[in-house]
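The values are calculated or read from the model by the stated rules, or taken from the named source; none is laboratory data. Since the structure is predicted, the reported quantities are computational estimates derived from the model, not experimental observations. All Cβ positions, glycine included, derive from the backbone under ideal geometry; neighbour counts span all protein chains shown. To get the accessible areas, we keep the full protein, side chains included, count just its heavy atoms, and leave off ligands, DNA and RNA. Shrake-Rupley method; radii C 1.70, N 1.55, O 1.52, S 1.80 Å.
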Amino acid sequence: MDMSKVKTSFSVNGKAVELELEPRRLLVSVLREDLGLTGTHHACDTTNCGACTVLVDNKAVKSCTMLGVQANGKEILTIEGLPKVGDMHPLQKAFIEKQGLQCGFCTPGMIMTSYWILSQNKDLSDEEIKRMLHGNMCRCTGYQGIVEAIKSAREMLQKQEGKINE
Ligand code: FES
Ligand code: FES
């Protein structure tokens, strides 16, 4: 093994991975370049925009803020691993239906933060949703469609849960 690299094991979207990583490399680069998970976008590189958001042990984390080696032992979820109903997750469907995107660059990060938001509490007000989205920036759509999409996905998920519990 190259002594400048560190053996790092973690799970991504439910699959175990083991890599030898240079300690300086960011998690976002490891996901995109080593694992081909290019749905996670790499933009500002300064923890501002949120385009690189993934879930780490069920918490929304900007993957340009974390080193790849810090993922050791963790569970990572990226946009590619979202559980699907049919061909997409209800959040993805709702972002399309409620015009929660235009160019789509911020969208994977927005959706991963939204997924985390919905996992926290199902009865959040618009203001609470906006506050929890504050780390994700969109330069073209405006935020109202995004908030509407999150609420619409929440309804879809609640209906699904209702059907499962019937
Ligand atoms: S690329 Fe990570 S916050 Fe912008
Ligand atoms: S949809 Fe273009 S930056 Fe958000």
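With every protein chain left in place, what is the accessible area of Cys103 in Å² (1.4 Å probe, nearest 10)?
Using a 1.4 Å probe on the heavy atoms, I get roughly 100 Å².
Which whole-number value in Å³ per residue fits the convex hull of the alpha carbons of the stretch 90-165? If you can, show how the numbers build up before the last one.
Working: hull volume 5.9 nm³, N = 76.
Hull volume normalised by residue count: 78 Å³.
With a cut-off of 8 Å between alpha carbons and a minimum separation of six or more residues, what is the relative contact order of the chain in percent? Mind dumping the intermediate values first?
Values: 282 pairs, mean separation 38.3, N = 166.
This gives 23 percent for the chain.
Per residue, how large is the accessible surface of the chain? Use a 1.4 angstrom probe and give square angstrom.
Details: 8970 Å² over 166 residues.
Averaged over the residues of the chain, the accessible area is 54 Å².
In square nanometres and to one decimal, what's the mean projected area of the convex hull around the Cα atoms of the stretch 6-81? Let's see the in-between values first.
Values: hull surface 16.9 nm².
The Cα convex hull of the stretch 6-81, projected and averaged over all directions, gives 4.2 nm².
What length, rounded to one decimal in nm, is gained on full extension from Ser125 through to Asp34, with 0.36 nm per residue of separation minus their alpha-carbon distance? Each step should come with its number before you reach the end.
Values: separation 91, 0.36 × 91 = 32.76 nm, distance 3.91 nm.
Result for the pair: 28.9 nm of gain on full extension.
Once you have the Cα-Cα distance between Asp87 and Ser11, take 0.36 nm times their residue separation minus that, and quote the gain in nm to one decimal. Write out the running numbers ahead of the final one.
Working: separation 76, 0.36 × 76 = 27.36 nm, distance 2.29 nm.
Net length gain for the segment: 25.1 nm.
Is any helix in the chain, taking whole DSSP H runs, at least 24 angstrom long along its axis by alpha carbon and on average at least 1.6 on the Kyte-Doolittle scale, and which ones? Please list the in-between numbers first.
Working: long enough: 144-165 (31 Å, -0.70).
Helix filter hits for the chain: none.
Sort Lys93, Lys151 by heavy-atom solvent-accessible area, probe 1.4 angstrom, most to least. Walk me through the numbers before you get to the answer.
Values: Lys93 95, Lys151 45 Å².
Sorted descending by solvent-accessible area, the residues read Lys93, Lys151.
Carbon-plus-sulfur fraction of the accessible area of the chain, 1.4 Å probe, in percent?
The value for the chain is 49 percent carbon and sulfur by accessible area.
With a sphere of radius 11 Å drawn around the Cβ of Leu67, what net charge do the other residues whose Cβ falls strictly inside it have (Lys, Arg +1; Asp, Glu -1)? All intermediate terms of the calculation are to be shown ahead of the outcome.
Values: positive: Arg24, Arg25; negative: Glu22.
Charge balance in the 11 Å sphere: +1.
So which lysines can Lys84 reach, going by Cα to Cα under 29 Å and dropping same-chain residues fewer than 8 places off?
Within the straight-line cut-off, Lys84 pairs with Lys15, Lys59, Lys62, Lys74, Lys93, Lys98, Lys122, Lys130, Lys151, Lys159, Lys163.
Given the Cα atoms of the chain, and with Rh set as the inverse mean 1/r over their pairs in the Kirkwood sense, what is Rg to Rh to two decimals? Before the final figure, lay out each step's value.
Details: Rg = 16.4 Å, Rh = 16.4 Å.
Ratio of gyration radius to Kirkwood radius: 1.00.
At 7 Å along Cα-to-Cβ for each site, give me the label-to-label distance between Lys159 and Cys44 in nm.
Placing both labels 7 Å beyond Cα along the Cβ direction yields 3.6 nm.
Relative contact order for the stretch 90-165 using alpha-carbon pairs under 8 Å, separation at least 6, rounded to a whole percent? Walk me through the numbers before you get to the answer.
Details: 65 pairs, mean separation 39.5, N = 76.
Reported relative contact order: 52 percent.
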